[in-house]
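**Q** Okay, handing you the structure first.
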Amino acid sequence: MSNTSDSPRHINVKTLRTLQNEKLHLHINKEVEMLKTKQTETERRVHYIENHNEFMNSELHAIHNTHIPNLESMIEREQTERMKLEIWGRKWNVVIRGVQGARIKRELPKATEAFTRAFLKNTLNIPPECADNKLFTAVHRLPSGDEVRRSIMLRLSSLIDRDDILKAAIKLPPRSGYSVGQNLPPSLSVRRGELLKERRELSPESRRKTKLVYLRDAPFLKLVTKRS
C-alpha cells in the first residue's frame with residue numbers, strides 16, 4: 001500500500017501553505033492599495049478644504065474691508081438723522097428746574113402755568129406783558145425729582161418766545177438754584193452734563209472764555225472759545 005503523501009489526490013502540505021501565504025499576501029496588498037487610495041483621497045479633500053478656507057478668509061477680509069465700513073457709515077448716518085428728527089421735535093420745548101410748586105402730590109396744569117409765568121416775570125425779569133402773552137402749547141411737571149420742585153416741561157408755540165426765555169436764563173446768577181435749558185434727547189442731555197462739568201473744571205479765566213454751543217449736526221454739542 002502506497003504512502004498518502006505520494007498520492008496525487010492529496011495536496012502537499014507545503015504547497016497548501018504556500019498557496020495560503022500567497023492568498024494572504026494578495027489580500028494584504030489589496031488592503032494596502034485601498035488604504036493608499038483612501039489616503040490620497042483624504043489628502044485631496046484636505047487640500048481642497050484648506051484652499052476653500054483660504055478663499056473664504058480672503059472673501060471675509062474683502063467683505064470686512066469694503067462692506068463693513070460702508071454699513072457702519074450707513075448706520076452712523078441713520079442714527080444722526082434720527083437724532084436730528086428727535087431734536088427737531090423737541091425744539092419748541094424748554095425744561096425749567098428749581099421752580100417751587102404747590103405742596104400737593106398732583107399739581108394741576110393751571111397752577112403749573114401760573115408758577116411758570118411768575119418765574120418768567122420775577123426770576124428771569126421778562127416784562128410782565130411779554131410773559132403773560134407768551135403762548136404755551138403745554139406745561140406740566142415732570143414725574144421725577146423733588147416733590148415740590150419737580151422740573152417743568154414747557155412747550156411754546158413760537159421759537160421766538162423760546163429764544164427769549166433761553167436768552168433771559170443766561171443772566172441767572174451761579175448757584176441760584178434755577179436753570180433753563182433746551183429739552184434734549186437723553187443721550188445728548190448726558191453729554192451736555194459732561195461738557196458743563198468739563199467747563200467747570202477749567203481755570204476761572206479759561207471758563208470765562210469758553211461756552212457751550214448747540215450744533216445742527218453731530219456731535220450736536222460742543223465747547224468752544226468765545227470770540228474776543
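All of the numbers you see were taken from the coordinates with simple rules; none came from a lab. Keep in mind that this is a model prediction, so the values were computed, not measured. For neighbour counting, all protein chains shown are included, and Cβ atoms are generated from backbone atoms with ideal geometry for every residue, glycine included.
**Q** Given Asn70, Val99, Asn183, which one lies farthest toward the positive end of the charge dipole of the chain, if we put +1 on the Cβ of every Lys and Arg and -1 on the Cβ of every Asp and Glu?
**A** Farthest along the dipole direction, towards plus: Val99.
**Q** Tally Lys and Arg at +1 and Asp and Glu at -1 over the other residues with C-beta under 11 Å from the C-beta of Leu24: what net charge comes out? Present the calculation step by step, with values, prior to reporting the outcome.
**A** On the way: positive: Arg17, Lys23, Lys30; negative: Glu22, Glu31.
Computed value for this residue: +1.
**Q** To the nearest 10 degrees, how steep is helix 159-169 against the longest Cα principal axis of the chain, on a 0 to 90 scale?
**A** The helix 159-169 is inclined about 80 degrees to the chain.
**Q** Follow-up. Excluding His47 itself, calculate the net charge of residues whose Cβ lies under 14 Å from the Cβ of His47, where each Lys or Arg counts +1 and each Asp or Glu counts -1. If you can, show how the numbers build up before the last one.
**A** Working: positive: Arg44, Arg45; negative: Glu41, Glu43, Glu50, Glu54.
Net of charged neighbours comes to -2.
**Q** Additional query: Taking 8 Å as the Cα distance limit and 6 or more residues as the minimum spacing, I'd like the relative contact order of the stretch 79-228 as a percentage.
**A** Across the stretch 79-228, relative contact order equals 27 percent.
**Q** Modelled label-to-label distance, Leu60 and Ile104, 7 Å Cα→beta-carbon offset: nm?
**A** If labels sit at Leu60 and Ile104, their model points lie 6.6 nm apart.
**Q** Within the set of other residues whose C-beta is less than 12 Å from the C-beta of Thr123, count the net charge using Lys and Arg as +1 and Asp and Glu as -1. Walk me through the numbers on the way to the answer.
**A** Values: positive: Arg97, Arg117, Lys121, Lys171; negative: none.
Once positives and negatives cancel, what remains is +4.
**Q** Cα to Cα, under 19 Å, and not fewer than 8 places away if on the same chain: which aspartates and glutamates meet these conditions relative to Lys23?
**A** Glu31, Glu33
**Q** In terms of modelled amide H atoms, which long-range or inter-chain residues lie less than 5 Å from the amide H of Phe220?
**A** Hits under the 5 Å cutoff: Leu215.
**Q** Could you give the length gained on full extension between Val213 and Asn133, defined as 0.36 nm per residue of separation minus the Cα-Cα distance, in nm?
**A** Values: separation 80, 0.36 × 80 = 28.80 nm, distance 2.85 nm.
Residue separation times 0.36 nm, minus the Cα-Cα distance, leaves 26.0 nm.
**Q** Something else about it: Among Val213, Val139, Val94, which one shows the highest mean-square fluctuation when the chain is modelled as a Gaussian network with alpha-carbon springs under 10 Å?
**A** Per the Cα network of the chain with a 10 Å cutoff, Val213 tops the list.
**Q** Between Thr210 and residues 5 or more places away or on another chain, which pairs have amide H atoms under 5 Å apart, with H built 1.01 Å from N, and which residues are they?
**A** Result for Thr210 returns Lys226.
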